[in-house]
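Chemist: This structure is in structure tokens; I'll ask about it shortly.
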Protein chains: 2
Amino acid sequence: MLTGVIIMLTKRQLIILQVIIDDFIDSARPIGSRALSKKDNLPYSAATIRNEMADLEEFGFLEKTHTSSGRVPSEKGYRYYVDHLIGPSTNQNQVSIIKDIIQDGFFEFEQIVQMSAEVLSKLTSYTSIILGPEMFETTLKQIQILPLSDHTAVAILVTNTGHVEHRSFAIPEKINSSDLEKMVNMMNERLTGVPIIKLQEVLNTEVAHLMKMYMDDFDKSFEYLKAFLVNDNPVKLYIGGKSNILMQPEFNDVDKIRSFFTMMEKEDEIANILKNSKNGIEVTIGNENEVEAIKDLSLITASYHLNGDHMGTIALLGPTRMEYRKVISLIKGLSTEMTDAMYMWYRNDG
Amino acid sequence: MLTGVIIMLTKRQLIILQVIIDDFIDSARPIGSRALSKKDNLPYSAATIRNEMADLEEFGFLEKTHTSSGRVPSEKGYRYYVDHLIGPSTNQNQVSIIKDIIQDGFFEFEQIVQMSAEVLSKLTSYTSIILGPEMFETTLKQIQILPLSDHTAVAILVTNTGHVEHRSFAIPEKINSSDLEKMVNMMNERLTGVPIIKLQEVLNTEVAHLMKMYMDDFDKSFEYLKAFLVNDNPVKLYIGGKSNILMQPEFNDVDKIRSFFTMMEKEDEIANILKNSKNGIEVTIGNENEVEAIKDLSLITASYHLNGDHMGTIALLGPTRMEYRKVISLIKGLSTEMTDAMYMWYRNDG
DNA sequence: TATTAGCACTCAGGAGTTAAGAGTGCTAAC
DNA sequence: GTTAGCACTCTTAACTCCTGAGTGCTAATA
């Protein structure tokens with residue numbers, strides 16, 4: 001394989017490479033010169049194509065599975081294909097499915113994300129992963145504590161984005177309902193409008209000493225409440241179509257399936273991969289991935305934004321033999337939609 | 001195979017049957033007379049055991065995979081094993097793992113159920129499914145509508161069990177915030193304490209005409225609100241360890257894996273199976289299952305209760321070669337715990 | 001009479017062989 | 001520069017052979 005050299009492909013080589021990759025993406029089977037020469041858009045003899053294929057292999061764009069097999073795209077081949085051979089394709093009507101969901105307006109952002117992940121995986125038959133959104137701009141709207149019985153209550157937290165979290169807890173013996181009410185009022189006074197990521201700070205400085213006045217066994221309850229308010233892992237991962245990959249012929253092997261599912265269970269690791277993705281759309285093919293577990297898969301990521309700040313990441317995970325053209329346009333569309341949706345949500349921030 | 005006859009097994013046959021099934025549950029491999037005769041608890045020659053095995057096969061408790069293979073338990077064999085050969089086993093320390101979670105008191109019932117499902121599947125390496133709880137005794141505690149911006153708001157519904165649901169929606173143009181407030185007050189007045197399953201009725205009769213007074217484009221908003229309050233599918237399914245079955249050697253075949261995951265996606269169907277399960281613990285082995293998709297699996301179900309009313313079902317789905325002894329005691333323990341937990345939650349119903 | 005040893009028989013599964021088919025690389029002709 | 005032709009390679013599936021595990025039956029044994 002020639003490396004470190006700028007490779008100029010002839011027009012014919014470009015066409016042949018494209019046809020081979022398109023065919024392989026479609027069929028998942030190696031293709032030979034004879035079969036290629038029969039295709040309408042390739043009016044060359046098998047021998048000519050064989051020569052070109054030999055060159056393309058020398059350049060590193062194609063591979064053989066064994067000495068006398070047909071050719072298969074290499075990772076470098078996919079890279080070239082993604083970078084140079086796929087023009088802009090508009091899956092406008094597919095994007096509009098997602099657009100409709102988002103613009104319905106009746107859904108909370110979280111639901112939108114979940115539904116987008118599911119639609120995305122259904123449209124592509126790959127596994128979709130959406131990270132986010134980050135909470136930079138999210139502020140606390142209201143805290144409410146609602147007694148359920150003499151000794152239990154549910155705490156409800158609402159953000160300006162319509163995100164709701166809640167947790168049940170036991171009311172400490174010494175606290176009566178009027179104490180509780182005062183406490184909540186006090187917290188709302190101090191915490192409303194505070195960005196979620198700053199909650200911990202404000203809680204520790206401003207609120208802690210006030211709380212002490214109301215509660216005798218302050219420590220335990222405060223710690224508990226803090227754990228509720230200050231979520232360690234505020235950025236959520238939405239996964240759609242985990243079992244879609246079972247439809248892909250490359251997962252015809254039980255071990256591969258096993259290792260895929262094992263990998264998908266490590267949500268932290270996946271979140272990390274997505275967090276580190278750059279702005280804009282990014283395609284990482286096979287061994288280009290740094291994480292061992294997905295070195296035989298391709299990952300497409302795109303970010304969505306708010307006022308230029310990176311808010312989250314949309315991703316699709318599939319075999320290296322991926323329908324890049326379709327997938328890229330779809331993800332581009334979705335990230336635009338989600339950026340718009342973010343803007344809509346935060347626009348009239350009360 | 002002899003059927004319709006009461007079969008009396010000799011003591012030795014019972015022991016042999018038990019050892020064979022125990023061994024197969026452990027190893028998943030057919031076992032032959034020679035290997036059996038070497039076991040400590042079977043001081044008989046291979047020939048003797050062969051004769052007994054032939055009888056057990058004639059009775060229908062054992063099968064051969066081919067003419068000269070070792071024996072494997074038949075479904076009838078498992079049935080006999082479950083009904084007569086497994087004494088009470090107490091996995092007390094395993095049950096206590098779940099007990100600790102439940103009794104922590106800090107979790108909402110829903111979380112408890114989710115965690116139980118996960119622990120159950122982890123302890124067993126099978127897939128756990130928990131249905132419920134039913135809402136017979138659940139009543140509405142509070143409705144709240146919190147404006148997020150000029151034209152969006154989030155509605156929050158809390159039940160007496162600490163269950164919280166919420167949904168964002170667009171505020172109709174013509175409604176101002178004081179209208180909204182009145183409306184919510186009115187709904188709380190009328191709906192607090194109403195059982196969730198009767199919400200629809202009360203909404204249609206008592207609340208509908210009152211609402212009309214406040215809202216001009218009443219219909220759309222009312223319908224939307226109703227859809228939120230009256231959840232079509234109030235009984236939820238919690239699934240744990242979906243990919244656990246990949247560890248089972250019987251799922252060494254991609255097609256089986258595929259059909260399993262396809263089946264698991266049909267949550268309605270699964271919910272139906274569990275809904276129709278009887279009170280108490282129930283073991284359904286292979287073809288005893290009426291649903292086609294699980295005819296080569298075993299399902300163990302147990303119900304949990306409140307004041308004698310069936311509230312929900314705990315289930316484990318695994319290969320017919322299941323660790324029945326362990327699993328049954330575990331599920332028994334869990335259903336007791338969950339019944340207790342239900343009682344705790346509803347005890348001080350405010 | 002119940003148990004056991006012995007032996008012929010069966011079958012699954014792995015190793016080895018063969019044949020067909022798809023595809024290649026090279027050479028020579030166009 | 002392109003193409004036809006041909007020898008060669010390698011996979012895959014089908015077939016055969018062989019071994020080992022296990023059985024059923026019969027006759028000997030306790």
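The values are calculated or read from the model by the stated rules, or taken from the named source; none is laboratory data. All of these numbers come straight from a predicted model, not from anything done at the bench. Don't worry about glycine lacking a Cβ; one is built from the backbone with ideal geometry, like all the others, and counts go over all protein chains shown. Please note that ligands, DNA and RNA were not included when accessible areas were found on the heavy atoms of the full protein model with its side chains. Shrake-Rupley method; radii C 1.70, N 1.55, O 1.52, S 1.80 Å.
Chemist: Kindly check whether there is at least one residue in the stretch B:113-126 that is modelled with pLDDT under 90, more than 16 Å from DNA strand C (Cβ to nearest atom), among the acidic types (Asp, Glu) and part of a helix (DSSP H, G or I).
Modeler: No.
Chemist: Tally the residues that are more than 9 Å from DNA strand D (Cβ to nearest atom) and of a type in the set (Gly, Ala, Ser), restricting the search to the stretch B:38-60.
Modeler: The qualifying residues number 2.
Chemist: Just give me the residues in the stretch B:61-96 being open to solvent by less than 60 Å² (accessible area, probe 1.4 Å), within 14 Å of DNA strand D (Cβ to nearest atom) and modelled with pLDDT under 95, in sequence order.
Modeler: Of everything in the stretch B:61-96, those that are open to solvent by less than 60 Å² (accessible area, probe 1.4 Å), within 14 Å of DNA strand D (Cβ to nearest atom) and modelled with pLDDT under 95 turn out to be B:Ser69, B:Gly70.
Chemist: Restricting to the stretch A:160-195, name every residue that is more than 9 Å from every other protein chain (Cβ to nearest Cβ), β-branched (Val, Ile, Thr), open to solvent by less than 40 Å² (accessible area, probe 1.4 Å) and under 30 Å from A:Val113 (Cα atoms).
Modeler: Once the filter is applied, which keeps residues that are more than 9 Å from every other protein chain (Cβ to nearest Cβ), β-branched (Val, Ile, Thr), open to solvent by less than 40 Å² (accessible area, probe 1.4 Å) and under 30 Å from A:Val113 (Cα atoms), the stretch A:160-195 yields only A:Val194.
Chemist: Which number in (1) part of a helix (DSSP H, G or I); (2) within 13 Å of chain A (Cβ to nearest Cβ); (3) over 30 Å from B:Phe61 (Cβ atoms) marks the one condition that B:Lys99 misses?
Modeler: (2)
Chemist: While we're on this one: Pairs please, first residue from the stretch A:13-40 and at positive phi, second anywhere and within 14 Å of DNA strand D (Cβ to nearest atom), Cβ atoms under 6 Å, 6+ apart in sequence or on different chains.
Modeler: A:Ala28/A:Pro249
Chemist: Sticking with this one: So which of A:Glu189, A:Glu181, A:Glu206, A:Glu201 is within 33 Å of the chain's Cα centre (by Cα) and at pLDDT 75 or above?
Modeler: On the way: A:Glu189 fails: within 33 Å of the chain's Cα centre (by Cα); A:Glu181 fails: within 33 Å of the chain's Cα centre (by Cα); A:Glu206 fails: within 33 Å of the chain's Cα centre (by Cα).
None of the other options fit; the residue is A:Glu201.
Chemist: Collect the residues in the stretch A:17-37 that are surrounded by fewer than 16 Cβ atoms within 10 Å (Cβ to Cβ) and more than 15 Å from DNA strand D (Cβ to nearest atom), keeping them in residue-number order.
Modeler: Result: A:Asp26, single match.
Chemist: Next up: Looking at B:Leu274, B:Leu299 in this structure, which one is among the aliphatic types (A, V, I, L, M), within 14 Å of B:Thr320 (Cβ to Cβ) and in the same structural domain as B:Lys122 (by TED's automatic domain parsing)?
Modeler: Details: B:Leu274 fails: within 14 Å of B:Thr320 (Cβ to Cβ).
Result of the check over B:Leu274, B:Leu299: B:Leu299.
Chemist: Still on this structure, I have one more. Take B:Glu137 and decide whether it is open to solvent by 50 Å² or more (accessible area, probe 1.4 Å), at pLDDT below 90 and closer than 30 Å to B:Asn188 by Cβ. So that I can check it myself, show each step before the final result.
Modeler: Details: open to solvent by 50 Å² or more (accessible area, probe 1.4 Å): yes; at pLDDT below 90: yes; closer than 30 Å to B:Asn188 by Cβ: yes.
Yes: the conditions hold for B:Glu137.
Chemist: Sticking with this structure for a sec: Sort out for me the helices (runs of 4 or more DSSP H) sitting completely within the stretch B:28-93 that have 3 or more residues that are more than 16 Å from DNA strand C (Cβ to nearest atom). Before the answer, list the steps.
Modeler: Numbers: elements: B:33-37, B:46-59, B:75-80.
Because the criterion is at least 3 residues that are more than 16 Å from DNA strand C (Cβ to nearest atom), the helices (runs of 4 or more DSSP H) in the stretch B:28-93 that meet it are B:75-80.
Chemist: Which of the residues spanning the stretch A:237-250 are open to solvent by 30 Å² or more (accessible area, probe 1.4 Å) and more than 11 Å from chain B (Cβ to nearest Cβ)?
Modeler: The first filter runs over the stretch A:237-250 and keeps only residues open to solvent by 30 Å² or more (accessible area, probe 1.4 Å), leaving A:239, A:242, A:244, A:247, A:249-250.
A:Ile239, A:Glu250 - these are the residues of the stretch A:237-250 that are open to solvent by 30 Å² or more (accessible area, probe 1.4 Å) and more than 11 Å from chain B (Cβ to nearest Cβ).
Chemist: Here's something else I'd like to know. Would the stretch A:75-88 turn up any residue that is within 23 Å of the chain's Cα centre (by Cα), over 30 Å from A:Thr192 (Cβ atoms), away from chain B (no Cβ under 14 Å) and without any contact (Cβ under 8 Å) to a residue 40 or more places away in the chain?
Modeler: Yes, there is a match, as at least one residue in the stretch A:75-88 is within 23 Å of the chain's Cα centre (by Cα), over 30 Å from A:Thr192 (Cβ atoms), away from chain B (no Cβ under 14 Å) and without any contact (Cβ under 8 Å) to a residue 40 or more places away in the chain.
Chemist: Right, B:Ser128: among the small types (Gly, Ala, Ser), within 14 Å of chain A (Cβ to nearest Cβ) and open to solvent by less than 20 Å² (accessible area, probe 1.4 Å) or not? Talk me through it step by step, then tell me what you get.
Modeler: On the way: among the small types (Gly, Ala, Ser): yes; within 14 Å of chain A (Cβ to nearest Cβ): no; open to solvent by less than 20 Å² (accessible area, probe 1.4 Å): yes.
No: the conditions fail for B:Ser128.
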